[in-house]
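Some notes on the structure that comes next.
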Amino acid sequence: MDTKPFVVLQDVAKRWNGQLGVEEISLDIDEGSFVALLGPSGCGKSTTLRLLAGLEIPDEGQILIEGRDVTTSAASARNLSMVFQSYALFPHLSVAENVIFGLKVRGVPRAERREKMARALEITGLGGLEHRKPSELSGGQRQRVALARAIVAGQRLCLMDEPLSNLDAKLRNSVRKDIKKLQRDLGITVVYVTHDQTEAMSLADKIVLMREGRIQQIGSPDDLYNRPANTFVAEFVGAPPMALIEPGIVEDLSPGRTLGIRAENVEIAKKGKGRLSCIVSEAEFLGNETLIGLEHKGVRGLTVMKPGLSLVPVGERVEVTFNNQDLHVFDEVGRRVSEQLTEK
């Protein structure tokens with residue numbers, strides 16, 4: 001028996017003074033899933049989250065949570081919690097007071113507040129810090145307080161708006177793991193806004209990639225990486241991004257199509273044996289691998305990924321090769337097409 005999605009956005013649109021915010025946003029979210037809204041600045045991902053939260057009201061469309069129409073409902077009536085980029089902690093309150101503030105406002109009995117707080121602090125690793133003020137905590141600890149506050153709220157839906165943006169790289173990685181573990185342990189549904197595709201790929205079961213107020217592709221991290229719906233997705237997802245080859249550059253393939261190739265599928269060939277002759281533009285050693293950037297007219301973002309240290313002098317000419325089965329094919333407007341590449 002099919003179960004209905006936990007959250008549904010159907011043809012949702014939001015505009016300001018005629019200017020596009022988001023358009024035709026349709027999305028089903030299953031209960032217990034982790035969904036990332038991903039895209040560059042200004043793409044509409046935070047607007048979509050605010051519409052779902054009830055902080056904005058859509059001009060068109062419908063929003064359902066647990067089968068209930070909440071399109072015009074206030075945020076307080078939507079049975080959800082939120083974690084913000086700015087932590088949103090009260091500086092004059094202790095960790096414990098920040099965590100249980102919402103429960104206190106709602107009149108939850110003291111014994112129940114204490115029990116929920118103790119569990120939330122244990123889950124987030126904040127035990128022993130109950131009496132500290134936010135100014136006495138690190139950035140990572142402050143974000144854990146915000147997570148603990150969301151946990152005690154006890155809601156099945158949690159919205160997160162770029163919660164790791166203010167943390168340094170090491171802390172981002174640590175708190176990212178905390179968030180994923182919390183989501184799994186508690187079985188909650190998370191909708192998570194980020195511009196960082198590494199965050200989205202590592203955290204989410206489903207990614208919603210947006211551009212200029214519209215959804216470009218919805219799918220698993222594997223779908224977006226290995227089966228991009230268009231050239232925007234191909235170039236946005238992946239580090240390094242997919243290289244794009246203009247029509248006619250690879251002479252032994254049928255013309256008229258843009259081709260895409262991932263760095264791990266490109267190899268440096270022996271002289272006279274390659275399919276493209278390129279100039280080395282950069283070589284970046286990352287410890288376990290080296291990324292060699294290449295230049296060729298009509299080719300964007302071509303990179304070779306070599307294991308370990310494999311530096312090649314900038315300016316050197318090299319030939320590269322790749323297999324036809326590793327090429328992605330896009331039509332004249334950049335949409336993915338399913339076709340077998342044919343040699344001339």
Qualifying residues in the range 175-213 (those that are part of a strand (DSSP E or B) and aliphatic (A, V, I, L, M)) - the one farthest from residue 43 (Cα to Cα): 190
Where a residue in the range 219-230 is farther than 20 Å from residue 33 by Cβ and its partner, wherever it lies, is loosely packed, with under 15 Cβ neighbours inside 10 Å, with Cβ under 6 Å and at least six apart: 230/335
Flag if residue 129 is out of contact with any Cys (no Cβ under 6 Å at 6 or more places or on another chain), surrounded by 15 or more Cβ atoms within 10 Å (Cβ to Cβ), among the hydrophobic types (A, V, I, L, M, F, W, C) and within 27 Å of residue 51 (Cβ to Cβ): no
Selected residue (only one of 245, 215 is closer than 19 Å to residue 33 by Cβ, at pLDDT 95 or above and touching a Leu at 6+ places or on another chain (Cβ under 8 Å)): 215
Selection count, the range 70-99, where residues are modelled with pLDDT of 90 or more, under 22 Å from residue 190 (Cβ atoms) and either in a helix (DSSP H, G or I) or not aliphatic (A, V, I, L, M) (or both): 9
Test for residue 257: is it out of contact with any Ser or Thr (no Cβ under 9 Å at 6 or more places or on another chain), at pLDDT 95 or above and closer than 19 Å to residue 230 by Cβ: no
Looking only at the range 54-89, and only at residues there that are over 23 Å from residue 32 (Cα atoms) and of a type in the set (Val, Ile, Thr), the one that is surrounded by the most Cβ atoms within 10 Å (Cβ to Cβ): 57
Residues being free of Cβ contacts under 8 Å to residues at least 60 places away in the same chain, surrounded by 16 or more Cβ atoms within 10 Å (Cβ to Cβ) and in a strand (DSSP E or B) - total across the range 246-278: 4
Any pair with Cβ under 8 angstrom, 6 or more apart, that starts in the range 184-206 at a residue that is aromatic (Phe, Trp, Tyr) and ends at one that is assigned to a helix (DSSP H, G or I): 192/179; 192/199; 192/200; 192/203
Checklist (1) touching a residue at least 24 places away in the same chain (Cβ under 8 Å); (2) under 20 Å from residue 325 (Cβ atoms) applied to residue 285, failing item: (2)
Neighbours by Cβ (under 7 Å, 6+ apart or cross-chain): first from the range 1-25, more than 17 Å from residue 49 (Cβ to Cβ); second among the small types (Gly, Ala, Ser) and surrounded by fewer than 11 Cβ atoms within 10 Å (Cβ to Cβ): 4/67
Meets criteria (over 26 Å from the mean Cα position of the chain (by Cα) and either of a type outside the set (D, E, K, R) or surrounded by 15 or more Cβ atoms within 10 Å (Cβ to Cβ) (or both)) for residue 233: no
Long-range neighbours under 7 Å by Cβ, at least six apart or interchain, first residue within 18 Å of residue 83 (Cα to Cα) within the range 100-129, second part of a loop (DSSP other than H, G, I, E, B): 101/90; 101/93; 121/127; 121/130
Residues satisfying the stated conditions in the range 279-295, i.e. closer than 21 Å to residue 239 by Cβ, surrounded by 13 or more Cβ atoms within 10 Å (Cβ to Cβ) and of a type outside the set (Asp, Glu): 280, 281, 283, 285, 290, 291, 292, 293, 294
In the range 132-176, the residues that are more than 17 Å from the chain's Cα centre (by Cα) and at positive phi: 154
Number of positions in the range 236-267 that are under 17 Å from the mean Cα position of the chain (by Cα) and of a type in the set (Lys, Arg): 0
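The values are calculated or read from the model by the stated rules, or taken from the named source; none is laboratory data. Just so we're clear, the structure is a prediction, and the values are computed from it rather than from any experiment. Don't worry about glycine lacking a Cβ; one is built from the backbone with ideal geometry, like all the others, and counts go over all protein chains shown.
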